[in-house]
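Scroll down for the structure; my scribbles are underneath it.
The values are calculated or read from the model by the stated rules, or taken from the named source; none is laboratory data. What you are looking at is a predicted structure, and each value in this text was computed from that prediction instead of being measured. Here Cβ is always computed from backbone atoms with ideal geometry, including for glycine, and neighbour counts include all displayed protein chains.
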């Protein structure tokens, strides 16, 4: 019992730590913009710094990963390996060709194939240990990731001038139901629900709560606060988005300007986004580039056809029998041992 | 570095996607920096809007949505502005009376930020040549 109460205390600290970190960031943006008027810092300098850290950080991390050797051939598969021609093999679940690997990676990246296999184990009365399928994490993760992709791409209407047509098409599709004005985006609703579920999932189940760290809660709260400030700006406390776009275009065309009269809510939103992308290369969020460099996914299951050479292998210094005999021939002869060469 | 060919291609794709706004706006040159230019009504009796400037800038779509509801669903056409003036709730009759040319007013910001309001699916703009008969 003591064990679990400690776990509860740990959870509370992790949750409160992450939550207060987000609130401190929000307070920082409010103080910085509303009180001491550091608009240029929050509107230009921090965004440039964050973008630089994000891109360079990920490139350096990927190079670091690429320098690590893969000593063993370790694809983790869930299907019949290609072997004899009359045994049906699973081309996507256990690919033996590059094309198959690409297909398997696409299934993984676009539809989270391996998470679809997620199971749960529960101790029921009896005691009976019961295993079952658990698709909720898969569903929540899929809804979250697709929503954030759509939202990210929608934001290109602020980043690019003239706006590319695919952004407008995506925006119209997202606002398909034409609920209210400004039109409600489906992705806004879905990402909020998905994030609330993903937070709830960590807190609700004792086992998941036990293994959850502050670094698990922090990104969830951070992204939720970004979503909430975005939603507030669109539906409740609207800011002058023409000026917002002027600021964004200024950044991307290297003519930074900070137009007057953009609400503080925008600067909070921007500061939280900058925090997210700065945090990105140093956190679990690195699974975005990491999925491409995962040897259990990106290797073909062809170990019966192609020999995987361990890059650690060095020429080994061996002492062959012939050399041994050359060295000890006289002594061997003297003690009457048979030798191969006289 | 192992598989350096694949890694470098991947990193170029990554950097290309995430820096695409820079390339796009830099290649657009001065065009991209152009902010919307609004042609405002000049006549003396057209200087007062139905609400404050700040409110109209950020929230005009809410006002228009409310007007639509009040007129179409409730049949009420009278709008009281914050300074207690009465206006006729009508896009064509009130808004377009002053802001006669939507291309020089509405569309300037709307196309700049990629909004495509569905006003003109029902309403027509009387001043447009193709609508004048």
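Miscellaneous remarks
- Of all the numbered requirements in (1) at positive phi; (2) assigned by TED's automatic domain parsing to the domain that holds residue B:120, residue B:81 misses one, and that requirement is (1).
- Matching entry among B:37, B:48, B:62, B:71 (being farther than 30 Å from residue A:53 by Cα, more than 9 Å from chain A (Cβ to nearest Cβ) and not in a loop (DSSP other than H, G, I, E, B)): B:71
- The sole residue among A:232, A:247, A:213 that is farther than 20 Å from residue A:142 by Cα, surrounded by fewer than 20 Cβ atoms within 10 Å (Cβ to Cβ) and over 22 Å from the mean Cα position of the chain (by Cα) is A:232.
- Residue check: residue A:285 meets all listed conditions (1) within 30 Å of residue A:241 (Cβ to Cβ); (2) surrounded by fewer than 18 Cβ atoms within 10 Å (Cβ to Cβ) but one, namely (2).
- Exactly one residue out of B:17, B:13, B:7 is assigned to a helix (DSSP H, G or I), facing chain A (nearest Cβ under 7 Å) and out of contact with any strand residue (DSSP E or B) (no Cβ under 9 Å at 6 or more places or on another chain), and it is B:7.
- Within the stretch A:154-174, tally of residues that are under 17 Å from residue B:17 (Cβ atoms) and part of a helix (DSSP H, G or I): 8
- Flag if residue A:51 is within 14 Å of chain B (Cβ to nearest Cβ) and out of contact with any strand residue (DSSP E or B) (no Cβ under 6 Å at 6 or more places or on another chain): yes
- Reported count of residues in the stretch A:170-183, each being more than 10 Å from chain B (Cβ to nearest Cβ) and more than 27 Å from the chain's Cα centre (by Cα), is 3.
- Where a residue in the stretch A:138-161 is within 14 Å of chain B (Cβ to nearest Cβ) and its partner, wherever it lies, is not in a helix (DSSP H, G or I), with Cβ under 6 Å and at least six apart: A:157/A:163; A:157/B:114
- Hey, residue A:242 assigned to a helix (DSSP H, G or I) and either touching a strand residue (DSSP E or B) at 6+ places or on another chain (Cβ under 8 Å) or within 12 Å of chain B (Cβ to nearest Cβ) (or both) or not: yes
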